[in-house]
Amino acid sequence: MAAAVPPATKAQATVPAKMMGIQVGAVSFVDEGIEKVLDTFQNDAAINTLFIATFTYGRGIAGRQVPGQPLPDHGAQTYDTGTFYGGSYTAVDPKYFADTPFKSFRAPDLGNFDVLAEVIPSARKRGMKTICWFEDVFRKDLPGIDQLEEKELSGANATTLCFNNPNYRNWLLGITENWARGYDIDGIMWGSERQGAFSNMLGASHGQAEGGHVTCFCQYCIAEAKQRGIDPDRAREGFLELQKFVTAGHQGKRPVDGYYVSLWRLMLRYPELLAWEMLWTDSLRETYAAMYAKVKSVNPAIGMGWHIWHNNSFSPLYRAEQDLTELSKYSDFLKMVMYNNCAGERMVNYIRGTGRAMYGDVPPQELLDFHYRVLDYKNEKPLAELAGAGFSSDYVYREARRARVAIEGTKTRLWPGIDIDIPTARTSSKCTPEGVRDAVRAAFRAGSDGVILSRKYSEMRLANLRGAGLGIG
Ligand SMILES: [Zn+2]
């Protein structure tokens, strides 16, 4: 007689194990205790994968709550204004950094606390995976960093680092190898929230790009340009003309033929403008490919993937550069940012930014409608209500669906980034448990392989984290 085994439920039979990830900085483990944090993750949102901020000089993914924003209902109830500095939150093995002048980058904030060494054993016991998560955010006051920096159009050093500069490329490969060889990790994720000179000059992002500080015009980029048959002098000349166009726009001095026509005239006169933009984008792709190859040479089982910047949701130009079929060649996974709550005010910033020059003749609401059309958003609010409302979960569904189709048939897994309490202006939309739940549901309904709760646990309220848990299944 057969044993009375109950049949598998429909859910067990059809739903594969989904990746439930959360981004968390070292400070949360120090402030709240490793076991307590992991208990919360498992109990509140069925988290099975940690994306630990192992390196950054930015507050977006490390440190406590951003000063000026309300502290969440867990963790130390004071800001780390005086102690946050950034750097590597893991031990640094100097042998991986012999071929770069940037060698001293251990974060001083938390003493000798090595977040991977401390957290991985507990995570393993619970069956949780650990992925190193880092971004290319640096600061000016670091020894040797000037030899990695990009050059602005003016020739001055930028705060950002150049992907074509071997000093930076070697550093990226060094830190990747350091983690891959030194720790029992499951993967590495890296993100670069930057773009090329053409996009930056036009202010085509939700951030505050300053036209004059576009990059990169360093010796390595110039050599790379020449190899591609791009004349660096013509490029510089073109960007100086573009700068004049943008400055005039900011001063409200409309060109006689209008903004859009005048921009096209510049692009036709100086095709180097777009060639320089693509050179930058290709150098980022080459960096991805080099890091991917490095990790696989150490251990093919370690996953390597990328955080794709939120600008992908706003700028058609930036979106055109995020060719997912191309990226999938060197991506085990893609974290496509789909932060729907803060997307509202970010889209408003993007519309205001590009409306100052490139689209200076188009009324803002019309410009927004145009973007909704070309980006395929069908259910979002008009400009006046957008910051207060945020984007809908339908946006998450549409973006996840688009990415799903683009990478279908490849090895790349799709893990949308979901917004939990990313700081917004006082009058802008705030996350709710229902909103987070709906965003997670939309991501899975679109066929995502997982989600990454973002940006960092230290800014999330627990009720909203539990909202993510409600979105599963
Ligand atoms: Zn450069």
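The values are calculated or read from the model by the stated rules, or taken from the named source; none is laboratory data. This is a predicted model, so every value here is computed, not measured. With ideal geometry, Cβ positions are generated from the backbone for all residues, glycine too; neighbour counts draw on all protein chains shown. Note: accessible area is taken over every heavy atom of the protein model, side chains too, but ligands, DNA and RNA are not part of it. Shrake-Rupley method; radii C 1.70, N 1.55, O 1.52, S 1.80 Å.
Of everything in the stretch 430-459, what is assigned to a loop (DSSP other than H, G, I, E, B) and surrounded by 24 or more Cβ atoms within 10 Å (Cβ to Cβ)? Give them in sequence order.
CYS431, SER448, ARG455, LYS456, listed by residue number.
Can you confirm whether LYS140 is within 16 Å of the ligand (Cβ to nearest atom) and of a type in the set (Lys, Arg)?
Here the answer is no, as LYS140 does not meet what is asked.
One line per residue, one yes/no per condition, for (1) in contact with a Ser or Thr (Cβ under 6 Å, 6 or more places away or on another chain); (2) more than 30 Å from CYS132 (Cβ to Cβ); (3) surrounded by 21 or more Cβ atoms within 10 Å (Cβ to Cβ):
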residue	(1), (2), (3)
SER331	yes, no, yes
LYS335	no, no, yes
GLY344	yes, yes, yes
MET347	no, yes, yes
MET358	no, yes, yes
VAL362	no, yes, no
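Considering the stretch 148-190 alone, what residues qualify as being within 16 Å of the ligand (Cβ to nearest atom), among the hydroxyl-bearing types (Ser, Thr, Tyr) and surrounded by 23 or more Cβ atoms within 10 Å (Cβ to Cβ)?
Hit for the stretch 148-190 is TYR168, nothing else.
Looking at this structure, is ALA180 farther than 26 Å from ARG319 by Cα and either out of contact with any Ser or Thr (no Cβ under 8 Å at 6 or more places or on another chain) or acidic (Asp, Glu) (or both)?
Criteria met by ALA180.
Filter the stretch 242-271 down to the residues that are β-branched (Val, Ile, Thr) and free of Cβ contacts under 8 Å to residues at least 12 places away in the same chain and list them by number.
Those that are β-branched (Val, Ile, Thr) and free of Cβ contacts under 8 Å to residues at least 12 places away in the same chain: VAL256, VAL261.
Kindly provide the set of residues from the stretch 407-432 that are more than 19 Å from the chain's Cα centre (by Cα), over 19 Å from GLN23 (Cβ atoms) and of a type outside the set (Lys, Arg), ordered by number.
Those that are more than 19 Å from the chain's Cα centre (by Cα), over 19 Å from GLN23 (Cβ atoms) and of a type outside the set (Lys, Arg): GLU408, GLY409, THR410, ALA425, THR427, SER428, SER429, THR432.
Do the conditions hold for HIS250, that is, is it open to solvent by 20 Å² or more (accessible area, probe 1.4 Å), within 16 Å of the ligand (Cβ to nearest atom) and modelled with pLDDT under 95?
no
Kindly provide the set of residues from the stretch 326-340 that are out of contact with any helix residue (DSSP H, G or I) (no Cβ under 6 Å at 6 or more places or on another chain) and part of a helix (DSSP H, G or I), ordered by number.
GLU326, LEU327, LYS329 - these are the residues of the stretch 326-340 that are out of contact with any helix residue (DSSP H, G or I) (no Cβ under 6 Å at 6 or more places or on another chain) and part of a helix (DSSP H, G or I).
Condition check ((1) open to solvent by 10 Å² or more (accessible area, probe 1.4 Å); (2) on the phi > 0 side of the Ramachandran plot; (3) assigned to a helix (DSSP H, G or I); (4) out of contact with any helix residue (DSSP H, G or I) (no Cβ under 6 Å at 6 or more places or on another chain)) across all residues:
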position	(1), (2), (3), (4)
THR40	yes, no, yes, yes
ASP44	yes, no, yes, no
ALA53	no, no, no, yes
VAL66	yes, no, no, yes
ASP73	yes, no, no, no
ALA76	yes, no, no, no
GLY82	yes, no, no, yes
THR90	no, no, no, no
PRO101	yes, no, no, no
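Given the structure, is LEU279 within 14 Å of the ligand (Cβ to nearest atom), buried (at least 17 other Cβ atoms within 10 Å of the Cβ) and more than 30 Å from ARG181 (Cα to Cα)?
It is true that LEU279 is within 14 Å of the ligand (Cβ to nearest atom), buried (at least 17 other Cβ atoms within 10 Å of the Cβ) and more than 30 Å from ARG181 (Cα to Cα).
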